[in-house]
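This report refers to the structure that appears directly beneath it.
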Amino acid sequence: MALIKAESLALGYDNGIIVKDLDFEVNAGDYLCIVGENGSGKSTLMRTLLGLQNPKGGRIILGDGLTKKEIGYLPQQTQVQKDFPASVREIVISGCQARCGLRPFYNREEKGLAEKNMERLGITDLSARSYRELSGGQQQRVLLARALCATQKLLILDEPVSGLDVKVTAELYTIIKELNHDGITIIMVSHDIAAAVKYASHILHIGDQIFFGTRDSYLESRQGKLFLEAEGSDGNE
Amino acid sequence: MNNASLIGKLITYLQYPFVRYAIIVGVLIALCSSLLGVTLVLKRFSFIGDGLSHVAFGAMAIATVLNLTDNMYLVLPVTVVSAILLLRTGQNTRIKGDAAIAMISVGALAFGYLIMNIFSTSSNLSGDVCSTLFGATSILTLNKTEVWICIALSVIVTIIFILFYNKIFAVTFDEDFSKASGVNAKGYNLLIAVVIAVIIVLAMNLVGSLLISALIIFPALSAMRLFKNFKSVTICSAILSVVCALAGLIVSILAGTPVGSTIVGVDVVVFVVCYLLGKVTGGKRA
């Protein structure tokens, strides 16, 4: 059974529907990139998958024993966070909050999990540093470590590389690929189609026409070909 | 006046129970208000204290006109409901946070004064209004029951804060992440709203409804100049707030200045000192 299955999903806000008849499924171990133009409904889809807003129609089914508490989320940074006085450790361990339920304090297991994930992302030596003093790439690693505290199964990433330079972007993509290799399912919203085609196993392209399928079949599809032509002509200029 | 006689004067004053009550209540209120201050400043809700206290002022005016035996029965529920409405953030709210606060704040202030003016039976209306707005002497006229109520509420607020500290941090830092990972963010926001309303109603006795914001935000802002992680900022803010309240109370008792504005004055001075210290010790802080 699929981890997430969307059935004739319709998305939108109060004043209208942006996307409808969306069908796709994500299986354990997949690396799905959601691409599309600005305003095509990528973010709305992501917020719906996260349960932050309700679908306008259709439904999303969580399967394979996935519960809402096991979804890790890497959001885009907000203005509030940029000058937030918090140490890296405080932020990473806050990813364990959903496990705590009503228990007021973190237990040893959760503290261990935070340490493990900081190590996994190479930020252990930053653990006492203040979040607002870090570089953009370091901040993304911190938020990724926090997301890993919340999940062992599924990560949903919202434009993880926006605002990062080329080198840091490549590093972050490598980290995400490694996490995928370790068995974590990835759903990434991105407008970086080149990277999507390079790393993802599946592509969901939303816009006037909807495409969902494996990366290879995307490259064969009309949208994929259009994209490749655009890339090619960019390269020639 | 030399030091010895100042201390002598203080000791004389401390023999009056109402002075001791004022100091106990003042310190407790300062402690409570500083706890949530950090969260409110970071959530960009610095002015909620202002808004809510004006609502409380309006409610108090109505309660006075209705001749209720105890104003609290009306003031507390009205303030709690307003707090919940104001902190109910979300994308679908038509009027954004700051505008909503400004609207409710000014509206309630005008409405309260209007009601007091039309229906008041008191001979000294402007005196009444002034003491509600600036706290004036009401903290020096507390009776034993009021002090116990204040102690009980402060203990409850502090315990709630400690028990929910980690959750408040998570929700303040990133509400969407918390919601997405299955944390009951709505519930914790509600809790924050209720607690802040209780604190404001308590603090009206101390500094009056115009200066409450100062009590909530100054210690938090000062602490943020000095420390860079949430726990230190929270602890420092609580300590600064208590010290400032104590100093302000003592100065106002000795010099006969208004309690509320003296405490806020001390808070401002401490903020300036912290700001300068922050500049000297770490240039990186914005």
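Quick notes on this one:
- Of interest is the spacing of the C-alpha centroids, which for the stretch A:176-190 and the stretch A:9-65 amounts to 18 Å.
- Modelled spin-label separation between A:Ile61 and A:Thr78, with each label point placed 7 Å from Cα along the Cα-to-Cβ direction: 3.4 nm.
- For the stretch B:209-253 and the stretch A:111-137, distance of Cα centres in Å: 30
- The length gained on full extension between B:Val273 and B:Glu146, counted as 0.36 nm times the residue separation minus their Cα-Cα distance, comes to 42.3 nm.
- Anisotropy class of the stretch A:13-129 from Cα gyration tensor, a/c 1.5 cut: prolate
- Debye, to nearest 20: dipole size of chain A, +1 on Lys, Arg Cβ, -1 on Asp, Glu Cβ: 980
- Residue separation of B:Ser5 and B:Leu190 scaled by 0.36 nm, minus their Cα-Cα distance, works out to 61.6 nm of gained length.
- In order through the stretch B:231-239: 3J(HN,Hα) via Karplus (6.51 cos²θ - 1.76 cosθ + 1.60), integer Hz, x for Gly, Pro: 5, 4, 4, 5, 5, 4, 4, 5, 5
- Each label point was placed 7 Å from the Cα along the Cα-to-Cβ direction; for A:Ser162 and A:Ala194 their separation is 1.9 nm.
- Each residue of the stretch A:163-171 was assigned a 3J(HN,Hα) from its phi angle through the Karplus curve 6.51 cos²θ - 1.76 cosθ + 1.60 (θ = phi - 60°); the sequence is x, 9, 7, 4, 5, 5, 4, 4, 4 Hz, with glycine and proline shown as x.
- Since only B:Leu14, B:Ala30, B:Thr257 are under comparison, the one whose Cα sits farthest along the positive direction of the charge dipole of the stretch B:3-281, derived from C-beta charges on Lys, Arg, Asp and Glu, is B:Ala30.
- Cα gyration tensor category, rounded, prolate or oblate, for the protein assembly as shown with a/c compared to 1.5: prolate
- Descending principal axes extents, chain B, alpha-carbon based, whole Å: 57, 50, 30
- Global form of the stretch A:73-152, assessed from the alpha-carbon gyration tensor, a/c cut-off 1.5: prolate
- In this label model, B:Phe119 and A:Glu37 are separated by 6.0 nm, measuring between points 7 Å along each Cα→Cβ vector.
- Neighbour cut-off at most 15 other Cβ (10 Å), DSSP loop, trypsin sites (Lys or Arg not before Pro), the stretch B:182-286: B:Lys284
- Rounded to whole Hz, the Karplus (6.51, -1.76, 1.60) HN-Hα couplings of the stretch A:181-192, x for glycine and proline: 4, 6, x, 8, 6, 10, 10, 10, 8, 7, 10, 8
- Likely footprinting exposure, A:Ile34, B:Ile159, fewest C-beta neighbours within 10 Å first: B:Ile159, A:Ile34
- Two-site FRET efficiency, A:Lys69 against B:Ile24, from Cβ-Cβ distance with R₀ of 60 Å, rounded to 0.05: 0.85
- Remark: the stretch B:3-281 carries a charge dipole of roughly 580 debye about the Cα centre, counting +1 on each Lys and Arg Cβ and -1 on each Asp and Glu Cβ.
- Simple rule: put +1 on each Lys or Arg Cβ and -1 on each Asp or Glu Cβ in the stretch A:73-152, find the dipole, and look at A:Leu113, A:Leu144, A:Ala128; the Cα lying farthest toward the positive end is A:Leu113.
- Rounded tilt (10° steps) of A:108-120 against the dominant C-alpha axis of chain A: 60
- With a Förster radius of 22 Å applied to the C-beta separation of B:Cys130 and B:Ala255, the computed FRET efficiency comes to 0.70.
- Computed from the C-beta positions of B:Val81 and A:Ala10, the FRET efficiency with R₀ = 45 Å rounds to 0.80.
- For the stretch A:1-135, the dipole from Cβ point charges (+1 on Lys and Arg, -1 on Asp and Glu) about the Cα centre works out to 380 debye, to the nearest 20.
- Between the residues A:Gln79, A:Val166, A:Ala196, the greatest Cα displacement towards the positive end of the dipole of chain A, with unit charges on the Cβ of Lys, Arg, Asp and Glu, is found for A:Gln79.
Quick note: the coordinates plus some simple rules give every number you see, no bench work behind them. Keep in mind it's a predicted model, so treat the numbers as computed, not measured. No Cβ is skipped: glycine too gets one built from the backbone with ideal geometry, and neighbour counts run over all protein chains shown.
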